[in-house]
Structures are given as C-alpha cells and as structure tokens.
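Working notes, structure below.
What follows is calculated from the coordinates using simple rules that are stated; it is not laboratory data. All figures in this text were calculated on a predicted structure; none of them were measured in a lab. Reconstructed Cβ throughout: ideal geometry from the backbone, glycine too, with neighbour counts over all protein chains shown.
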Amino acid sequence: MLRSLYIATIEGKGKGVFCKNALRQGVTLEVAPVIVMTADDRILLDQTLLHDYIFEWQPGGELMCCMALGWVPMYNHSYTSNCEYYMDYEQATIAIKTIRDIPAGEELTINYNGDWDDGTPVWFDVAE
C-alpha cells in the first residue's frame with residue numbers, strides 16, 4: 001500500500017480513500033489479500049452490513065464472493081472512477097490501480113460494476 005494514502009470522512013458518503021500526493025496513471029495503490037467465501041456464504045453475508053463490502057469472486061465460472069482486506073473496502077463507488085480493481089484468482093488478491101492522473105487530495109474511487117465507466121445502476125443511491 002502506498003504510504004501517502006489516507007482515509008477521510010466525506011459529507012454524505014462516509015469514509016473514503018485519498019492520497020497526499022499527485023498520482024500518475026498506472027500506479028498500483030494497493031495489493032490486498034482476500035478471504036474467499038462460497039456461494040452459500042454469500043447468501044448469509046447478503047443479510048448483513050458486510051454485503052456492501054464484498055466483491056463477487058468468479059474463478060473458473062463458479063460464483064463466490066470475497067472480502068478484501070487492507071483499505072480496498074473503503075474505496076467509494078463512482079460511475080466514472082479514477083481507479084480500477086484487478087482480481088488475481090491464483091494469488092487471492094485484489095489490486096487497485098489508477099486509470100488516469102489524479103491530483104493530490106482527490107478522492108480515489110472505483111466502479112463497483114468492475115469497469116471504470118460502467119453506468120449500470122448499483123444497489124444503493126449514489127452521491128457523486
């Protein structure tokens with residue numbers, strides 16, 4: 001994880017991830033291990049607050065879910081995010097990388113749909 005990352009509170013959104021320094025496109029911000037869970041576990045997790053923090057995990061077509069460790073669960077959603085996440089099924093990790101240059105202090109966001117510009121509605125009201 002980059003040492004210059006920090007978490008701050010954003011009015012109307014809760015907490016989010018920021019960086020003290022400007023970032024270039026293609027910078028890896030974090031590589032976090034994940035805890036992989038079965039589809040049956042997902043049914044139970046969907047009944048809890050953790051539902052909002054898990055990722056679909058689909059190696060080989062089998063739909064499971066995972067809980068990312070580190071600060072990955074703290075990146076807020078944006079339909080035009082400035083970062084993307086990449087799953088490594090063999091290493092059981094999620095990496096967060098910048099997809100454009102980002103000025104210091106701008107919130108770092110990911111698109112919860114997977115692709116940085118996917119406009120498919122998510123399950124909650126979005127405060128952009």
For the chain: rounded, prolate or oblate by the Cα gyration tensor [a/c cutoff 1.5]: prolate
Sequence-distant residues sharing a close amide H with MET64 (under 5 Å, placed H): TRP57, GLN58
Pairwise FRET efficiency - GLN47 versus ASP101, Cβ, R0 = 41 Å, nearest 0.05: 0.50
Candidates TYR79, TYR112, TYR53: whichever shows maximal mean-square fluctuation once the chain is modelled as a Gaussian network with Cα springs under 10 Å: TYR53
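Per residue of the chain, what 222 nm ellipticity follows from adding -39500 (n - 2.57) for every DSSP H run with n ≥ 4, rounded to the nearest 500?
Computed mean residue ellipticity for the chain: -1500 deg cm²/dmol.
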